[in-house]
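Heads up, the thing below is written out as structure tokens.
The values are calculated or read from the model by the stated rules, or taken from the named source; none is laboratory data. Everything numeric in this text was worked out from a predicted model, so none of it was measured. With ideal geometry, Cβ positions are generated from the backbone for all residues, glycine too; neighbour counts draw on all protein chains shown. The accessibility values were calculated without ligands, DNA or RNA, using every heavy atom of the protein model including side chains. Shrake-Rupley method; radii C 1.70, N 1.55, O 1.52, S 1.80 Å.
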Amino acid sequence: MTELRTIRVTVRGSFDNLTDAQKAELIAAGDQHADILAVAYTEEGHLTYDLKARPFFTFRFAEQVAEEKDIPQVTARAEAKAAAWMTERGYGFKRITSQTVDMSEVPLGPRGRRQQ
């Protein structure tokens, strides 16, 4: 039996060339995207930003794979999903970067080791 690996991808970027109407729309919806304590990694992607403070956004994605060789495709899908979300809404963006973490490689802290 193959053990699934949970892969987390954090995709970051900057809003670019937003119209005044787009800025107002994003700021109005900002409360649902600004709570850093409600951050989650999901397959659909969880978006956070605080456009009043800075023009940056972060998407957080999670996916499970069976093999390590599948991880680059997870990263590519996450970046594509973030870009598609922005494009579908007509929001300009630039400087997309991503960070990928294989959670099976993250060492457990003392509490996690006790729970095993």
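Miscellaneous remarks
- Net +/- balance of residues flanking F59 in space, Cβ distance below 10 Å, scoring K and R +1, D and E -1: +1
- (i) 8.4; (ii) 7.1; (iii) 8.8, with the label sought being that of the calculated mean projected area of the Cα convex hull in nm²: (iii)
- Solvent-accessible area of K69 with every protein chain in place, 1.4 Å probe, in Å² to the nearest 10: 140
- Only helices enter this figure: runs of n ≥ 4 DSSP H residues, each worth -39500 (n - 2.57), summed and divided by the residues of the chain, yield -9000 deg cm²/dmol at 222 nm to the nearest 500.
- FRET efficiency estimate (nearest 0.05) - Cβ-Cβ, L4 to F56, R0 35 angstrom: 0.65
- In segment 40-75, the GluC sites (Glu not before Pro) that fall in loop regions by DSSP, at most 16 other Cβ within 10 Å: E43, E44, E67
- Built amide H within the under 5 Å cut-off of G45, gap 5+: A62
- Straight-distance crosslink candidates among lysines, where the alpha carbon sits under 30 Å from K69 and sequence neighbours closer than 8 are dropped: K81, K94
- The chain - percent relative contact order, Cα under 8 Å, separation 6 or more: 42
- Which of S14, S98 is most accessible, then next, and so on - probe 1.4 Å: S98, S14
- Taking a straight line from the alpha carbon of K23, these aspartates and glutamates sit under 12 Å away, with near neighbours fewer than eight places off in the same chain left out: D50.
- Carbon + sulfur, % of accessible area of the chain - ligands and nucleic acids excluded, 1.4 Å: 50
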